[in-house]
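A.B. asks: Encoded as structure tokens, here's the structure I'll be asking about.
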Amino acid sequence: MQNLIELLAQHGLLVVFANVLLTQAGLPLPAVPVLVIGGAFAAQGEFGYAALVFTATLAALLGDTPWYFAGRRYGHRVLRTLCRVAIEPDSCVKQTESIFERWGAPSLLVAKYIPGFATVAPPLAGAMRLPLLPFLLFSTAGALLWVVLPVALGALFRDEVGRALERLSDLGGGALLLLAALLAGYAAIKLTQRWLFLRMLRSVRVGVPELVTMLGGGAPPVVVDVRSDAVRRLDPRRIPGAVAINIEDVASALPGIPPDRDVVVYCS
């Protein structure tokens, strides 16, 4: 831990740049604590506030832009890939689509403050064909807003941050083991929840051959498409005869579904 603190003190801007860049590129790294520590070091005169904010904002933009171009080239397939490896893929898909569909490009201003949205918003903006200039402007402004707050908190509570770092330094390698154990425990809980959820889905899942057989029977099921409007525009293909329903308004659509029919639902 002492080596880490010395690294931050000697090469703070480089550490901040690498940490933010890798975080925005999709790696599950905590960027906000590093920005808070950076703000505390800036308050102590290790480097300037402007240099710190510029470095972190530039790193965030460099991490977002390749995902934007990937979204423009590969469309919704990029989102499926990102959300497949996410710890909470269901909230990753639905939350991102709903926010961007409602607010459009301005949603990038707060994207980095919303869990699950920060990584997925840039490729979604590309897939939705948001022009490059608005993307860069809103992403830069959003990154700036995201960077300024933790840097300001670090500067404001620089004494407390310093004492916390000293305590961690006194713990030595034990501090790193404690942090690693906390992160591993959180990931284990989320992965277990995901495994249980997917196991439940497998028990009620209808495969393609089975659905084809059901649709050709005497009492075919009602097929409901609950994908968001944004996804339907990105991928207009749908199961023939499927009824498109907005998941937020599903209660109002239920009375139109015969109560004696099976219902098959599909989404992103």
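Yes/no per residue for (1) at pLDDT below 70; (2) assigned to a helix (DSSP H, G or I):
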site	(1), (2)
G174	yes, yes
L177	no, yes
S203	yes, yes
P209	no, yes
R227	no, no
R233	no, yes
P255	yes, yes
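A.B. asks: Within the stretch 1-31, work out how many residues are surrounded by 14 or more Cβ atoms within 10 Å (Cβ to Cβ), at pLDDT below 85 and under 20 Å from P122 (Cβ atoms).
C.D. replies: Within the stretch 1-31, residues that are surrounded by 14 or more Cβ atoms within 10 Å (Cβ to Cβ), at pLDDT below 85 and under 20 Å from P122 (Cβ atoms) number 6.
A.B. asks: Which residue, of L165, L153, is modelled with pLDDT under 75, surrounded by 16 or more Cβ atoms within 10 Å (Cβ to Cβ) and either aromatic (F, W, Y) or assigned by TED's automatic domain parsing to the domain that holds T57 (or both)?
C.D. replies: One residue alone meets the criteria, L165.
A.B. asks: Going through the stretch 32-52 one residue at a time, which ones are surrounded by fewer than 20 Cβ atoms within 10 Å (Cβ to Cβ) and farther than 26 Å from I114 by Cβ?
C.D. replies: A43, Q44, G45, E46, F47, G48, A50, A51, listed by residue number.
The values are calculated or read from the model by the stated rules, or taken from the named source; none is laboratory data. Here the structure is a predicted model, which means the values were calculated and not measured. Positions of Cβ are generated from backbone atoms using ideal geometry, with glycine treated the same way; all protein chains shown enter the neighbour counts.
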